[in-house]
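Note sheet for the following structure.
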Amino acid sequence: MNKCVMCGKNPFRIDLKTNEELCNGCASINESIYLSKGKRGNYKEI
């Protein structure tokens, strides 16, 4: 079973820009990083 690349929990989303699997908490942290750069993340639920 795959794990979140940031914390090791079960992933619920895939970041379509980097193809990394993320849990919801880490996806929101990742989105904050994108927003600080003036961009939006693109995610797919799994």
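Some observations on this one:
- Test: residue in segment 33-42 that is in contact with a Leu (Cβ under 9 Å, 6 or more places away or on another chain), surrounded by 13 or more Cβ atoms within 10 Å (Cβ to Cβ) and in a helix (DSSP H, G or I): no
- Flag for S28 being surrounded by 12 or more Cβ atoms within 10 Å (Cβ to Cβ), at pLDDT 95 or above and among the small types (G, A, S): yes
The values are calculated or read from the model by the stated rules, or taken from the named source; none is laboratory data. From a predicted model like this one, the values you see are computed outputs, not experimental measurements. Because the Cβ atoms are built from the backbone with ideal geometry, glycine has one as well, and the counts that use them run over all protein chains shown.
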